[in-house]
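Note sheet for the following structure.
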């Protein structure tokens, strides 16, 4: 079952259902937190729907796909996930697969040998401890091999459609670059953003910032001239000042 992320009204930052389906009048800027405004602008530019195949599958497949995605480009992750799930679409199937067969199917991803062992173990653990079901809490997900807080949060958002905030390098970089937070590590960024974002916005934060980080706000040579956040971005403002010196 595919999970759709809640759409943001690009004028107000609210979900359409919160106004009975009618367009919302723009919220005055004085009452709109900069983090909410950031997501509203990104939704207008990039859209709310996920781009990646592996984030639109069942909770189990989102879990395995996210483990595969670690330190791997999205297109390679999707290719490996499609190949894997065409043969082993469930915990039951994955648990009885040979690790060598899994390795061959997921070879496009980085560290495929390590990941093959991990996802094979996940299949076995899901059968033994959870009756084949994917855990639906961050705490339980983090007990699985290769699953940290970011991966667990991705499963909550993309697999179960529940509020969480996966913070990867894109979210951490962009939130600090814009000036929304001043943090050193992703865990601090998650806490800081969760303090200022209403729960209804948490599910769209990762998707929108990852899209932005992959296309415009890149680690090196960000495309500030094309950025919809340039007027509210601390980095862009500082760059403009340097150019005028």
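General remarks:
- For residue 224 and residue 49, the difference between the fully extended length at 0.36 nm per residue and the C-alpha to C-alpha distance is 60.6 nm.
- Using a simple spin-label model with pseudo-atoms 7 Å out from Cα toward Cβ, residue 130 and residue 162 lie 1.0 nm apart.
- In terms of its C-alpha gyration tensor, segment 59-133 comes out prolate, because a/c is 1.5 or above and the ratio a/b outweighs b/c.
- The chain: calculated mean residue ellipticity at 222 nm from DSSP helix runs of at least 4, using -39500 (n - 2.57): -15500 deg cm²/dmol
- Alpha-carbon spread of segment 73-115, three principal axes, descending order, Å: 27, 17, 12
- Distance from the alpha carbon centroid of segment 78-103 to that of segment 169-240 works out to 35 angstrom.
- For segment 175-224, the convex hull drawn through the C-alpha positions has a volume of 83 cubic angstrom per residue.
- Within the listed set 44, 164, 152, the Gaussian network model of the chain (springs between alpha-carbon atoms below 10 Å) gives the highest mean-square fluctuation for 44.
- For the pair residue 74 and residue 104, label points projected 7 Å from Cα toward Cβ lie 3.1 nm apart.
- The fewest-to-most ranking of 31, 151 by surrounding Cβ atoms within 10 Å reads 31, 151.
Quick note: the coordinates plus some simple rules give every number you see, no bench work behind them. Just so you know, these numbers come straight off a predicted model, no measurement behind them. Heads up, the Cβs are rebuilt from the backbone with ideal geometry, glycines too, and the neighbour counts pull from every protein chain shown.
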